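Here is the structure we will look at, set down as C-alpha cells.
The values are calculated or read from the model by the stated rules, or taken from the named source; none is laboratory data. Model, not experiment: these values are computed from the prediction. Ideal geometry is used to build each Cβ from the backbone, glycine not excepted, and the neighbour counts take in all protein chains shown. Ligands, DNA and RNA are stripped out before the accessible areas are found, and what is left, the full protein with its side chains, is counted by its heavy atoms. Shrake-Rupley method; radii C 1.70, N 1.55, O 1.52, S 1.80 Å.
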Amino acid sequence: QVQLVESGGGLVQAGGSLRLSCVASGRIFSINVMGWYRQAPGKQRELVATVTSGGSTNYADSVKGRFTISRDNAKNTVYLQMNSLKPEDTAVYYCNADLMHDGSGYQFRYWGQGTQVTVSS
C-alpha cells in the first residue's frame, strides 16, 4: 500500500558530506513523523533523527551538529544532510514514516529498504 524509497547513499571520505532522500508513495492520507535510522554490521538499528509534520526535530547525540533532517510535506519526502562524516557513521540507513491511510486515526509505520553509507578513513 505504501512504499518508501531511499536514495543518496554511497562511499565518501571522512570529513565529507552526503545527502539522503526518502520518498513515500501510495495510499497516504497524512504523515506524522518521518525519520532516519541506521544499522551497522553486528549492531542494532539505532535512531539517527526524526522530524514531525510541524517541523520539530530530534537527533541522536552522536550526530548532533553534523546531520540535519528536513522534510517536504507536499512531496512526502524526508532528507538527511550529513556533514563531517566519520568512519563510525558507516551503516545501512533506513527511513521510516508513521502515517495514516485515511482519517480514521489509525497510524501505521513503514520502512524503506535501506541505503548503504560507507565512510572511509
>> If Thr52 satisfies all but one of (1) touching a Phe, Trp or Tyr at 6+ places or on another chain (Cβ under 7 Å); (2) open to solvent by less than 60 Å² (accessible area, probe 1.4 Å); (3) under 28 Å from Tyr106 (Cα atoms), what's the number of the condition it fails?
In response: (1)
>> Here's a check for you: in region 66-85, which residue that is without any contact (Cβ under 8 Å) to a residue 60 or more places away in the chain and small (Gly, Ala, Ser) is most open to solvent (accessible area, probe 1.4 Å)?
In response: Ala74
>> Quick check on region 53-86: of everything there that is among the β-branched types (Val, Ile, Thr) and closer than 19 Å to Ala14 by Cβ, which residue is farthest from the chain's Cα centre (by Cα)?
In response: Val63
>> Test of understanding: among Val23, Val63, Val48, Val5, which residue is in contact (Cβ under 8 Å) with a residue 12 or more places away in the chain, among the aliphatic types (A, V, I, L, M), out of contact with any Asp or Glu (no Cβ under 8 Å at 6 or more places or on another chain) and under 18 Å from Val119 (Cα atoms)?
In response: Val48
